[in-house]
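Participant: Take this structure, written in structure tokens, and hold onto it; I'll ask about it next.
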Amino acid sequence: MIDIISPQNPLAIAALYYIRLDTHNHSALFKNDVAENEDSESKTVSATSFSQIAADELQAAAKRKGITINQWAVAPNAVYALVYIKENRLEQRYRVGKPRALTSFVAGVKAATAKRINLVRNQPGCPVWKRSYKEQRIDDDVTLARLVKQMKAIENEVYG
């Protein structure tokens, strides 16, 4: 089991979660964000690209207390992340369902990203994300290694 106990607070525990946020209708919203620079052979991502907006909002939401992003990747139609959520052991023991910190983290990322993307597209209120999201608590090193490998493959496929 991948739980990290805080030495400062033995009642606090951090659990690792894998999350996947899919775009609305699985559209390739982040596909054409990588553009070739005319002056050079290198590929760059513009500051207003949708994938950059998603990355910025993911990192901004992770500045909340008790949340740490281990790794993340942006695919053409989804955003993937490994997220540590710090919980109180007592809350974890009596909780049914997903941790509140995880659901509010995902809601914040989705709302802020959708707002910024719709401002760039000049389409306020247009759906950006699928209503639900996939999450999985990572309880062993084998699963973690498989997911890390999968996320690296996504990065290599998208950004070569």
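The values are calculated or read from the model by the stated rules, or taken from the named source; none is laboratory data. Quick caveat: nothing in here was measured; it's all calculated off a predicted structure. Here Cβ is always computed from backbone atoms with ideal geometry, including for glycine, and neighbour counts include all displayed protein chains.
Participant: Determine whether A101 is closer than 20 Å to D22 by Cα and either among the β-branched types (V, I, T) or modelled with pLDDT under 90 (or both). Before you say what the answer is, go through the steps one by one.
Facilitator: Numbers: closer than 20 Å to D22 by Cα: yes; either among the β-branched types (V, I, T) or modelled with pLDDT under 90 (or both): yes.
Judged against the criteria, A101 is a match.
Participant: Only residues in segment 116-132 that are among the polar types (S, T, N, Q) count as the first member; pair them with residues that are modelled with pLDDT under 95 and surrounded by fewer than 17 Cβ atoms within 10 Å (Cβ to Cβ), Cβ under 8 angstrom, at least 6 apart or cross-chain, and list the lot.
Facilitator: Close Cβ pairs satisfying both conditions: N118/P124; N118/G125; N118/C126.
Participant: Same structure, new question: Could you please give the count of residues in segment 106-155 that are in contact with a strand residue (DSSP E or B) (Cβ under 9 Å, 6 or more places away or on another chain), surrounded by 14 or more Cβ atoms within 10 Å (Cβ to Cβ), closer than 17 Å to V74 by Cβ and not aromatic (F, W, Y)?
Facilitator: 12
Participant: For segment 52-74, what are the residues that are farther than 14 Å from G108 by Cβ, free of Cβ contacts under 8 Å to residues at least 40 places away in the same chain and polar (S, T, N, Q)?
Facilitator: The answer is Q52, and nothing else.
Participant: Listed residues L21, L82; which is modelled with pLDDT of 90 or more, part of a strand (DSSP E or B) and touching a Lys or Arg at 6+ places or on another chain (Cβ under 9 Å)?
Facilitator: Criteria check complete, one pass: L21.
Participant: Collect the residues in segment 96-139 that are of a type outside the set (A, V, I, L, M) and in a helix (DSSP H, G or I), keeping them in residue-number order.
Facilitator: Taking segment 96-139 as the starting set, the residues that turn out to be of a type outside the set (A, V, I, L, M) are 97-100, 103-105, 108, 110, 113, 115-116, 118, 121-127, 129-137, 139.
Those that are of a type outside the set (A, V, I, L, M) and in a helix (DSSP H, G or I): R100, T103, S104, F105, G108, K110, T113, K115, R116, N118, R121.
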